[in-house]
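As structure tokens, the structure follows; a few thoughts come after it.
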Amino acid sequence: MRAACCEATVLSHESILPDIRLLRALWPDREHAPHAGQFFTLRAWGADEAPFLSRPISVHKWEPETQTIEFLYQVIGEGTHKIAQLKTGDTFQLTGPMGNGFDIPALAEQYHKIAVVGGGIGTAPMYQVTRELAAAGVKPDVFFGFRDTPYCMEEYRSIANVVKVSTDTGAVGFHGFVTQLYDPADYDAVLICGPTVMMKNAARICAEKGTPCFVSLEKKMACGIGACLGCTCETKGGEGKSVCKNGPVFDATEVFF
């Protein structure tokens, strides 16, 4: 299904931490409903204004009954600083859903014990992942790592079997890396989103234990539909694939080798 471009209305915009925001908006196009692991591009400025490109942000939560969508994002550059200025009632350009996310029906059918792993703002798409897995009858174990302060964790308690947190500073939870919180050998599959170095390490450990691993990659994107090849990643077979179109979710053995 091709992405749709609509004018979305801000329902709420909450500051979670100094650099973390939670944007909730009305997505008016019921025929283009997102699923776990997909993303939208957001634009809160004119077509002739900088920055030139819209900003790709993953779906944190989707409520089909109310047609509301949530984006948990980090304010880190010019585009996200402009998005952060949006207030309740404002409108902005929302295009999507885009990309190939996690195939939850297939994962839930094939695997019965799943670990959901996230690092930093890479935890954002994993909430919808966990919700859809739980709805499919497979409550996962959730393991998240943060630098210092965890955020948006409480809602996982009702949809996950286990929820564990690590921090780099030891301020909250386990003092260390998120990969130290679980053993891939205890799981049928591991789903990961976070910093590339963390995902590579997690994928390596999964490979050593023989556990299937699926990763959600992040790359700077331009078109969002695979036409410009700006977000191409190298694959094991030597073929370049677009993170925005072929991904962002890949089998870890395909992109980390």
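The values are calculated or read from the model by the stated rules, or taken from the named source; none is laboratory data. Model, not experiment: these values are computed from the prediction. Glycine also receives a Cβ, built like all others from the backbone with ideal geometry; neighbour counts cover every protein chain displayed. Surface accessibility is based on the protein's heavy atoms, side chains included, excluding ligands, DNA and RNA. Shrake-Rupley method; radii C 1.70, N 1.55, O 1.52, S 1.80 Å.
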TODO: Quick one: which residues, 5 or more positions from ASN100 or on another chain, have an amide H under 5 Å from its amide H? H modelled 1.01 Å from N in the peptide plane, none for Pro or chain starts.
DONE: GLY247, VAL249
Task: Set of segment 79-106 residues, backbone N closer than 20 Å to the point 7 Å along the Cα-Cβ line of GLU239 - done: 99-103
Open item on the list: Tell me the mean residue ellipticity at 222 nm calculated for the chain from its helices only (DSSP H runs of n ≥ 4, each -39500 (n - 2.57), averaged over every residue, nearest 500).
Closed with: -4500 deg cm²/dmol
Open item on the list: Which residue fluctuates most in the GNM of the chain (Cα springs below 10 Å): PRO18, PRO56, PRO140?
Closed with: PRO18
TODO: Report the accessible area of SER158, computed with a 1.4 Å probe over the heavy atoms of all protein chains in place, in Å² rounded to the nearest 10.
DONE: 80 Å²
Open item on the list: If you count only protein heavy atoms with a 1.4 Å probe, what accessible area per residue comes out for the chain, rounded to a whole Å²?
Closed with: 47 Å²
Open item on the list: Tell me the carbon and sulfur percent of the accessible area for segment 1-109, rounded to whole percent, probe radius 1.4 Å.
Closed with: 51 percent
Task: ASP29/GLU208 FRET efficiency (R0 35 Å; Cβ-Cβ; nearest 0.05) - done: 0.20
- [ ] Would you look at the GNM of the chain, springs on alpha carbons closer than 10 Å, and say which of ARG30, ARG55, ARG131 moves the most?
- [x] ARG30
- [ ] List the relative contact order of the chain as a percent without decimals, with contacts defined as Cα pairs under 8 Å and 6+ residues apart.
- [x] 17 percent
TODO: Would you give the gap between the C-alpha center of segment 192-257 and the C-alpha center of segment 1-37, rounded to a whole Å?
DONE: 24 Å
Task: Vicinal HN-Hα couplings computed from phi for segment 7-18 (Karplus, 6.51 cos²θ - 1.76 cosθ + 1.60; Hz; Gly/Pro x) - done: 8, 9, 10, 6, 9, 7, 8, 10, 8, 8, 9, x
Open item on the list: On a straight-distance basis, which lysines could pair with LYS113 in a cross-link, Cα separation under 21 angstrom, same-chain partners fewer than 8 positions away excluded?
Closed with: LYS139, LYS164, LYS209
- [ ] With a bin width of 5 angstrom, please list the P(r) values of the chain as percents of all Cα-Cα pairs, from the 0 bin to the one holding the largest distance.
- [x] 1, 6, 13, 18, 20, 18, 13, 8, 3, 1, 0
Open item on the list: Taking the 0 to 90 degree range and rounding to the nearest ten, how far is the long axis of helix 126-135 tilted relative to the main principal axis of the chain, both from C-alpha atoms?
Closed with: 70 degrees
- [ ] Return the sequence-ordered ³J(HN,Hα) values of segment 74-87 in whole Hz as given by the Karplus equation 6.51 cos²θ - 1.76 cosθ + 1.60 applied to θ = phi - 60°, using x for Gly and Pro.
- [x] 9, 7, 9, x, 4, x, 5, 5, 6, 5, 5, 7, 4, 10
TODO: For the pairs LYS87/LYS241; LYS200/LYS245; LYS87/LYS219, note any where the Cα-Cα span goes beyond 31 Å.
DONE: LYS87/LYS241
Open item on the list: What do you get for the angle between helix 196-209 and the principal long axis of the chain? Use alpha-carbon atoms, 0 to 90 degrees, nearest ten.
Closed with: 30 degrees
Task: Amide H contacts of CYS223 (H built 1.01 Å from N, under 5 Å, at least 5 apart or other chain) - done: CYS228, GLY230
